[in-house]
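Visitor: Sharing a structure here in structure tokens format.
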Amino acid sequence: MAGHLAPKSLYYSIFGALMVLTIATVEVATHNFGALNFPVAIGIAITKATLVILFFMHAKYSSKLTKLFVGTAFFFLSILLGLTMTDYFSRGLDTYPGGAGGAGYSVRQPRPPAVLKVDEGESHEGGAEGKSEGGAEPAH
Amino acid sequence: MAEAAVTAHGDHGAHAHHHPDLQHHFDTLEQQHEAATLGMWMFLITEVLFFGGLFLAYMLYRVWYPEAWAEGSYQLNLTLGTVNTVVLIGSSLTMALAVRSAQTGLRRGTVVWLILTMLLGLVFLIIKYFEYAEKFTHHHVPGSNFAFPGPHAPQVQIYFSLYFLMTGLHATHMLIGFGLLSVIAWMAHRGRFSPEWYTPVEMSGLYWHFVDIVWIFLFPLLYLVDRAHVPG
């Protein structure tokens, strides 16, 4: 038996909303909002994905168990992304030279691997390993 | 299977004698449909985590090398990316309408919407081909021929590695979806579906929409977020 039958007009409105959000996200991306560009773009993408999941994928009209499965996908995804990023973001905390003085700054930029330091110098192929501080090894 | 009465609405006298598409280990078609939906979502959970690993790599390298991310994403063709986003969301609309046609027992409608969905998918892949070709001519493909001006070349190469890996994996999913839909369209054409049983249409729809959602995240992350951060 057919499940919930949504009216065609609903699908067209959802499509319209998705188009508006697409235009919005492209428009926002042409302006430099600094650190805000990322959360705005992700926020719009999550909204779009939610519309697709709820209406195109019929999650809104599904059984509770199906909804739980849908939620599970994003629960595990947030563990994957969230826990890994907290690890990387917190790596500088205890060793921060300012010690307690830096208490206001709880979040530090994660440090890239040592490779980057090599590129700040002029050449990493020619001069053997002359001026590297602390043994950054040239890779890539 | 004698599926003569494909367009018959409503009053099949019964689930009393059993529907030809009801498998014996299920009590009802509803239960069978529910099991299929759960199974499909279980598969999609693994797909979310499959792509999730790549998104994680992307996010980590992005905070490590913000300049390289800005320079790399500035090289992508925003117009083609936007057109492709519209095309792919459009194909999700036609897919949703194909499922709706199957729900209402419109055989012709189902086939037409499915073919439209496949055509839009094809347009997406053709545009992607031109984008890739552009990257090859500009030496932006990671490997021994990679070339990029400025001090961040090695890091921009990481950006392009992730770009090709993520969009390539996405395009592979599109190709699989295309194959899936061609089978479903053929089955619909043969009159295999009815308002009582259209599970394959709906399941391949879930897959297609999932692939659309992956692109909904790939597009802003690869093309948009760092675009405005290029100095100068």
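Bear in mind that the values in this text are calculations on the coordinates, not laboratory data. On a predicted model such as this, the values are computed, not experimentally measured, just so you know. Quick reminder, even Gly has a Cβ in these numbers, built from the backbone with ideal geometry, and neighbours come from all protein chains shown.
Visitor: If you take every residue apart from A:ALA6 with its C-beta less than 11 Å away from the C-beta of A:ALA6, what net charge results, scoring Lys and Arg +1 and Asp and Glu -1?
Guide: Counting the neighbours of A:ALA6, the net charge comes to +3.
Visitor: Which net charge results when you count Lys and Arg as +1 and Asp and Glu as -1 among the other residues whose beta-carbon is under 14 Å from that of B:THR104?
Guide: +2
Visitor: In addition: Return the whole-Å distance between the Cα centroid of segment A:33-85 and the Cα centroid of segment B:99-176.
Guide: Their Cα centres are 22 Å away from one another.
Visitor: If I fit a long axis through the Cα atoms of helix B:78-103 and take the longest principal axis of the Cα atoms of chain B, what angle between them do I get, 0 to 90°, rounded to 10?
Guide: 10
Visitor: What is the packing order of peptides A:33-40, B:97-104, taking the mean over residues of other C-beta atoms within 10 Å and listing the highest first?
Guide: Those peptides, ordered most packed to least, come out B:97-104, A:33-40.
Visitor: At 222 nm, what value in deg cm²/dmol follows for chain B if DSSP H runs of at least 4 each add -39500 (n - 2.57) and the sum is divided by all its residues, to the nearest 500?
Guide: -24500 deg cm²/dmol
Visitor: Measure up A:LYS8/B:LYS135; A:LYS67/B:LYS135; A:LYS8/B:LYS128 against 32 Å on the Cα-Cα distance and list the ones that go over.
Guide: Flagged as over cut-off: A:LYS8/B:LYS135; A:LYS67/B:LYS135.
Visitor: While we're here: Give me the net charge for the shell around A:ALA59: Cβ to Cβ below 13 angstrom, other residues only, Lys and Arg +1, Asp and Glu -1.
Guide: After counting each charged neighbour, the total is +2.
Visitor: Still on this structure, please answer the following. For a footprinting-style exposure proxy, rank A:LYS67, A:LYS60 by other Cβ within 10 Å, fewest first.
Guide: A:LYS60, A:LYS67
Visitor: Taking the convex hull of the alpha carbon atoms in chain B, what volume per residue do you get, in Å³?
Guide: In chain B, the Cα convex hull volume per residue is 127 Å³.
Visitor: If I fit a long axis through the Cα atoms of helix B:29-64 and take the longest principal axis of the Cα atoms of chain B, what angle between them do I get, 0 to 90°, rounded to 10?
Guide: The two axes meet at around 0 degrees.
Visitor: Let me ask something else about it. With everything on Cα atoms, drop me the angle between helix B:153-189 and the longest principal axis of chain B, reported from 0 to 90° to the nearest 10.
Guide: Relative to chain B, helix B:153-189 is tipped by roughly 20 degrees.
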